[in-house]
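Q: My structure is below; once you've seen it, I'll send some questions.
The values are calculated or read from the model by the stated rules, or taken from the named source; none is laboratory data. Since the structure is predicted, the reported quantities are computational estimates derived from the model, not experimental observations. Don't worry about glycine lacking a Cβ; one is built from the backbone with ideal geometry, like all the others, and counts go over all protein chains shown. Note: areas computed on protein heavy atoms with side chains; ligands, DNA, RNA excluded. Shrake-Rupley method; radii C 1.70, N 1.55, O 1.52, S 1.80 Å.
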Amino acid sequence: MKAIIGANLIDGTGSPVLSDSAVLIHGDRIEAVGPRSAATLPPDVEILDATGMTLLPGLIDCHDHLASQDYRLESRWGLNEPTSLGHLRTAKALEETLAAGYTCVRDAGGLDIGFKQAIDEGLYSGPRLMLAVAIVSPTGGLADRVSGSGHQNLQHSDPRIPSGVADGPEAVRAKVREMVRVGADVIKFATTGGASSRPGHGPKDIEFGPDEVKALVEESKALGRRTMCHAVGGPGLRMAIAQGAGSVEHGCYLAEDPDLLKMMAGNGTFLVPTFEVYEFHSTVSAPHMIERASSLMRIHQESLHLALEAGVKVVAGTDAGGFVHGDNAREVELLVERGMSPMQAIQAATGWAAECVDLDKDIGTVTAGKLADLLVIDGDPLRDIAVLRDREKIQLVMKGGEAFINHLPSAVPQPVA
Ligand SMILES: [Zn+2]
C-alpha cells in the first residue's frame, strides 16, 4: 500500500480542487481518495508526502507519432540510418514522454506493436499506448508515400506497419481488418490533405468518398475499434463528421461551417486541435507548409472557441514526431493561450482525453478503482499552466502504481490514536 498525502488534488473531472488530500494506492489501482483528515492509513503504508504540491492524473496525449523524428523525407522514410538506430530513438522518445508526466499516448501512426509489447512486458519504460499503427487513406492521400520524383517508399515492405492505402469500400474494409491484425487499437484515417502533405494537395482537398468512409467506420465499429480522422477543412471535414468519425484530428476550418460543430456535439465527436504542430509548421517547416499553417492559425483559434460554445469535447493532442518529443504539455499551455480555462485544458489532457482514447474505465481521473496513473507537480497549474512543462517541477510520475520518477520525501505514518 502507498499513500500520497497533503497534495492539492485536481482529479481530472473538472471538480474544484481538493486541498490537503490523501490518495491510497493498492497494487496498480487507486483504493481511496478523500481529504487527508478523513483518511485511515494502514500501519504498513508507504507514505509519499506531497504537502502543498498539486496531484493530478497522469497526462494523456491523444495524438502523437512516437516513432517519427522530423519531417525530412530521408528521416520519414528511414533512408539515412539503420532501422535499429531508429528504434532506439523511438525508445528514447517513449521514455522522454513518460518523464514529462504523460502516462498514456494514442499514437496516430508509425509505431508498431513491438514497442507496446516491450512496455507491457516491463522490458522498457514508456506510456500506456493506444496504437493506430498506420494511417488509412486512398491513393494520392496522406498514407500514399510517394516522393516528388514518383518513387515509392520501400519501408512499406515492413509487415508490422503495412501500407495504409486502400481504394473503394471493399478494399477499405479489408484494410481496417489488416490494421486490426497488426495490432491497431484505433483506426486512423484521413479525409483531407494537411499542412505537411505534398504540394498541390492541401488542407481542404478531399480524400475518400462517403461510401469508403462509411465502410471504414462500420468495419471499425464491428471490430470494436474507434476511429480518429485527420480532417482539416473543406468537404472532407464535413464527410468525416457526417459519417461518424470518433474524433476529428486538427479540424482547423470548423468555424467556416458552425453546423459541423452542432453535429459533433450531437454525435459526441471529440476535437483534437493539435495547436503544437501548427506552431511548429508556421515557423520552421518547408515553405509550402509554413504558408498553409500560417494561413489557418486565426480560423483554427476561432474553431476552438465555437467548439467550446457548442459543447464539443476538446482534447489535447500534440502531433509530436515532426518536432521535439517530451514537450507534450506545450499543447496544454497552447489550449489555455487560445482560450480554454486552465481547468478545461487539464481536463482536455486527463478526463476527457481518456474518454477520447477509450480508456476512461481505467484512467483519466483520480478515482477509486482506476489505475494509479498519477503526476505530482511542485506548483499550481491553475495559476500558471506552464508549470506542467517544467521538468524541474515534476516530483512524481506514477504509472499503474509504479513510480517512474519520485522525488517526494517519504513520511512516517501517524500513530493511530
Ligand atoms: Zn498526426
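Q: Which chymotrypsin sites (Phe, Trp or Tyr not before Pro) from the stretch 122-217 combine a DSSP loop assignment with at most 16 other Cβ atoms within 10 Å?
A: Taking the stretch 122-217 and a limit of 16 other Cβ atoms within 10 Å, the loop chymotrypsin sites (Phe, Trp or Tyr not before Pro) found are 124.
Q: Indicate, rounded to the nearest 5 percent, the antiparallel portion of the DSSP beta bridges found entirely in the stretch 137-245.
A: 25
Q: At a Cα cut-off below 27 Å, give the lysines reachable from residue 92, other chains included and same-chain residues fewer than 8 away excluded.
A: 116, 188, 393, 399
Q: Give me the distance between the Cα centres of the stretch 240-293 and the stretch 361-407, rounded to whole Å.
A: First find each Cα centre; the distance between them is then 28 Å.
Q: Counting other Cβ atoms within 10 Å, keep those with at most 15, restrict to DSSP loop, and tell me which trypsin sites (Lys or Arg not before Pro) in the stretch 40-148 are left.
A: When the trypsin sites (Lys or Arg not before Pro) of the stretch 40-148 are filtered for loop state and at most 15 Cβ neighbours within 10 Å, 72 remain.
Q: Which whole-number percent gives the relative contact order of the chain, counting Cα pairs below 8 Å spaced six or more residues apart?
A: 21
Q: What is the stretch 1-94 by shape, rounded, prolate or oblate, if you read a ≥ b ≥ c off the alpha carbon gyration tensor as root eigenvalues and call it rounded for a/c under 1.5, prolate for a/b larger than b/c, and oblate otherwise?
A: prolate
Q: Highest mean first, what order results for 190-200, 362-372, 401-411 on Cβ atoms within 10 Å?
A: Going from most to least packed, we get 190-200, 362-372, 401-411.
Q: Please enumerate, by chain and number, the aspartates and glutamates with C-alpha under 14 Å from the C-alpha of residue 221, excluding those fewer than 8 residues away in the same chain.
A: Partners within reach: 185, 358.
Q: So which residue, out of 202, 122, 164, gets the largest mean-square fluctuation from a GNM of the chain using Cα contacts under 10 Å as springs?
A: Residue with maximal mean-square fluctuation among 202, 122, 164: 122.
Q: Give me the net charge for the shell around residue 90: Cβ to Cβ below 11 angstrom, other residues only, Lys and Arg +1, Asp and Glu -1.
A: My count for the surroundings of residue 90 gives -2.
Q: State the percentage of accessible surface on the chain attributable to carbon and sulfur atoms; use a 1.4 Å probe and exclude ligands, DNA and RNA.
A: In the chain, the share of accessible area belonging to carbon and sulfur is 52 percent.
Q: While we're here: For the stretch 40-112, with the dipole built from +1 on Lys and Arg beta-carbon atoms and -1 on Asp and Glu ones, taken about the Cα centre, which of 55, 77, 94 lies farthest toward the positive end?
A: 77
Q: Ok, one more. Keeping every protein chain present and rolling a 1.4 Å probe, give me the accessible area per residue for the chain in Å².
A: 40
Q: Just the accessible area for residue 36, please: 1.4 Å probe, Å², rounded to the nearest 10?
A: Accessible area, nearest 10 Å²: 80 Å².
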